[in-house]
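Laboratory data are not the source of any read-out in this text; all were calculated from the coordinates shown. If you're wondering where the values come from, they're calculated on a predicted model, not measured in any experiment. Positions of Cβ are generated from backbone atoms using ideal geometry, with glycine treated the same way; all protein chains shown enter the neighbour counts.
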Amino acid sequence: MLGFFLKGFSGYDKRDQLAGDALYKAVIRQSRLPDFFLRYEVPDTLDGRFDILMIHLYILFYRLRSHSRYKDLSQYIFDRTFKDMEKGLREAGVGDVGIPKKMKTMMQAFNGRMNAYKSTAEYDRENPDQPIGPGHPLFEVLKRNLYGTVEKPKDSVIADMLIYLRYSMMALNHQDLDQIALGNVRFVNPGEINVGEENEQKK
C-alpha cells in the first residue's frame, strides 16, 4: 500500500532534487497535452487536470519502484507536486484557514488513487486477455476517478485511456531505470497510439 505525506524540501540530496524537478516537469508537460482533453475526452477542469496528473505520477512511480533512490525521489516529487497545488489554491483565492483542509483532501485523493491504480494495473498485467470494458477493474477505476465528473462517459473512450496507460507503462519499462532516476524520462505520444484497433482486438 502506498502512502505519501508532506516532508518538506530540507534534507534532500542535491542529485535527487535536480532529478525530481526534471521528472516532475516531464509529468506536468505530458499531463497537459491537448490530446488528453480532445481525443481522450478528459474534462478540462480542475478535477480532470488533477486526475490526469495522478495517472502520470503513478506511471512514473511504478517504474521507479525498484530503484534504490525510489523512496527519496518519489517523496520529493510528491512534495513538489503539492507545493505547486498549494500555490495554485492561494492564487485562486483560498485563504490560510481553508488551505489545510483542501490540501488534506487532495493528499487523501492522491494516496487513494495511487493504491487503486496499483492494484488494478497489476490485475490488468496478470489478466491481459480480459476484455476491456465495464467490469474490468482498471476500467472501473478510470471511470470512477478520471471520468467521475462526466455525466455519461463513453465506454470506448475509457477503454482507449486504459490502452494508453498500458502503452505508457510498457514504454517506461523499456527505458533505462538509472537514466530515469537521473531525470531522463520519455512518455509516449498519446496521439500516436492506435487505441481503437487494439480495443477491437480485445473484444
Quiz item: What are the principal axis extents of the Cα atoms in the chain, in Å, biggest first?
Solution: 50, 39, 30
Exercise. Using 0.36 nm per residue of separation minus the Cα-Cα distance, give me the extension gain between Asp96 and His174 in nm, one decimal.
Key: 23.7 nm
Quiz item: Order of 142-155, 49-62, 19-32 by packing, highest average Cβ count within 10 Å first?
Solution: 49-62, 19-32, 142-155
Quiz item: Using θ = phi - 60° and the Karplus curve 6.51 cos²θ - 1.76 cosθ + 1.60, what whole-Hz ³J(HN,Hα) does each residue of region 70-76 get, with Gly and Pro shown as x?
Solution: 4, 4, 6, 5, 5, 5, 5
Quiz item: Over the Cα atoms of region 86-203, how large are the radius of gyration and the largest Cα-Cα distance (Dmax), in Å?
Solution: 17.3, 52
Quiz item: Over all pairs of distinct alpha carbons, what does the Kirkwood formula give as the hydrodynamic radius of region 17-62, in Å?
Solution: 10.9
Quiz item: When ranked by the protection proxy of mean other Cβ atoms within 10 Å per residue, highest first, what sequence do the peptides 124-130, 111-117 form?
Solution: 111-117, 124-130
